Amino acid sequence: MEDFFAIPEEKLKYTARALRKELIARGWTDVKAVCSKMALLLFATRPDGKKIRFSPCTPYATSKFATIIADDKLASYTLLKEAGINQPETIRLNLDKTKWREELAELLAKHERIVVKPVGGAHGRSVTVNIESVDEALEAAFACGDDVIAQEQLEGDEIEVRAICIGYKFSGAYKRIPAAVEGDGEHTILELIDIENREKRGEAYGEKLAQINYDAAKDYLEKNHIDTARVPAVGEKVRVMKICNSGAGGTMEYTELDPERIAIAEKAAKTADLPVVGVDFYGDKVIEINAGPSLYHPTGDKWAMHSIEAYVDYLEQL
């Protein structure tokens, strides 16, 4: 084990850095860490002398089964649907791949565009959005592997919102804003992506702004008929990604949430049996739950540490 307080900053993701800062401020002691590619696991002594184990985003009170359900998009969709929580229409593609074309065609007949993603996965990996044709849907599905879901793509100009619940209670909500570049009056949109990646962006979840995937951005721009050779005016913001994950270059902004969605988020937390959870909304529909959401939010204001502080409050009560 390593002394968590002695691990260099560059070895930690920003949630772990923020958590360490809060633990030190509150007088936690003997905090040891097991660092691996799978997880960062912490063994610590609280100020009251009680020894507990946890991760930067997950308390020991979280059951393995609840985590499995949250990580399985089909299982979590089914669980929330049975609880009456409003979600986009979702289907699991048949294990017999010869039936995929028919299933995808049927879903596309009902919805203008669809999303295809693996049943397991996180951080927007292997997710294909803006699918308008069966051939395109098939290509995306085969790229996901054997266990695949497809769902309606919610239309409109809504900003995705993540509600954080800690101890099954609503803690705060954050707008998840897709990656954008800012015009300088000299460079094209694609050139601006390269410049930002070199000068302003770094490792996902390690820096305030993560790198923008050039190919994914180009695909999004072309599918939305945005001229990639256009030179945006000085200060003009141009959205370049569909997905809004901060790990894909998106940004976050604290926001107030209405009582109706707060109640839905808390219901989702209790239904999924997840004491710490991120519940993602698009409008009034829940599009995903996350068992280990990032609790440090790079908002650049007082709300950046809000969920970290609430998390340590919760750990101190266990």
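Coordinate-derived values only; no laboratory data. What you are looking at is a predicted structure, and each value in this text was computed from that prediction instead of being measured. Here the Cβ is made from the backbone with ideal geometry for all residues, glycine too, and neighbour counts use every protein chain on show.
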Exercise for review: Could you tell me whether segment 1-155 comes out rounded, prolate or oblate from its Cα gyration tensor? Rule is a ≥ b ≥ c as square roots of the eigenvalues, rounded for a/c under 1.5, then prolate if a/b exceeds b/c, otherwise oblate.
Suggested key: prolate
Check your understanding: What FRET efficiency comes out for the pair residue 184/residue 83, r = Cβ-Cβ distance, R0 = 51 Å, nearest 0.05?
Key -> 0.55
Review point. Which of rounded, prolate, oblate describes segment 180-244, given a ≥ b ≥ c as roots of the alpha-carbon gyration tensor eigenvalues and a/c under 1.5 marking rounded, otherwise prolate only if a/b is larger than b/c?
Key: oblate
Exercise for review: Assign one of three labels to segment 8-97, namely rounded, prolate or oblate, based on the Cα gyration tensor with a ≥ b ≥ c the square roots of its eigenvalues; rounded applies when a/c is under 1.5, prolate when it is not and a/b is larger than b/c, and oblate otherwise.
Suggested key: prolate
Revision key, fill the gap. Extension length gain for residue 36 and residue 222 (0.36 nm per residue less Cα distance), in nm, is 63.1 nm
Point to revise | Projected-area mean, the chain, by convex hull of Cα positions, square nanometres | key: 17.1
Review point. So between residue 65 and residue 51, what do we pick up on full extension, going 0.36 nm a residue minus the alpha carbon distance?
Key: 2.7 nm
Exercise for review: With 27 Å as the limit, write out which pairs from 110/169; 11/270; 117/285; 13/175; 117/223 have Cα-Cα distances beyond it, or answer none.
Suggested key: 110/169; 11/270
Exercise for review: In nm, give the distance between the simple-model label positions of residue 26 and residue 301, each being 7 Å from the Cα along the Cα-to-Cβ direction.
Suggested key: 2.4
Practice item. Just the number, please: Stokes-Einstein D of segment 128-269 in µm²/s, Kirkwood Rh from C-alpha pairs, 4 °C, 1.567 mPa s. Key: 76
Review point. Which whole-angstrom value gives the distance between the alpha carbon centres of segment 56-79 and segment 157-195?
Key: 25
Review point. To the nearest 0.05, what FRET efficiency results for residue 236 and residue 154 with a Förster distance of 30 Å applied to their C-beta separation?
Key: 0.70
Revision key, fill the gap. Partner aspartates and glutamates whose C-alpha sits under 20 Å from that of residue 99, ignoring same-chain residues fewer than 8 away, are 89, 132, 135, 136, 139, 146, 147, 152
Check your understanding: In degrees, nearest 10, range 0 to 90: what is the angle between the Cα axis of helix 259-272 and the longest Cα principal axis of the chain?
Key -> 80
Practice item. Any chance you could tell me what percent of the C-alpha pair distances in segment 89-153 go past 18 Å? Key: 21
Review point. Taking 0.36 nm per intervening residue step and subtracting the Cα-Cα distance, what contour gain separates residue 105 from residue 175 on full extension?
Key: 21.9 nm
Review point. For the Cα atoms of the chain, what angle does the longest principal axis make with the long axis of helix 134-144, in degrees from 0 to 90, nearest 10?
Key: 30
Exercise for review: Would you mind computing, in nm to one decimal, how far apart the modelled labels at residue 146 and residue 2 are, each placed 7 Å from Cα along Cα→Cβ?
Suggested key: 3.6
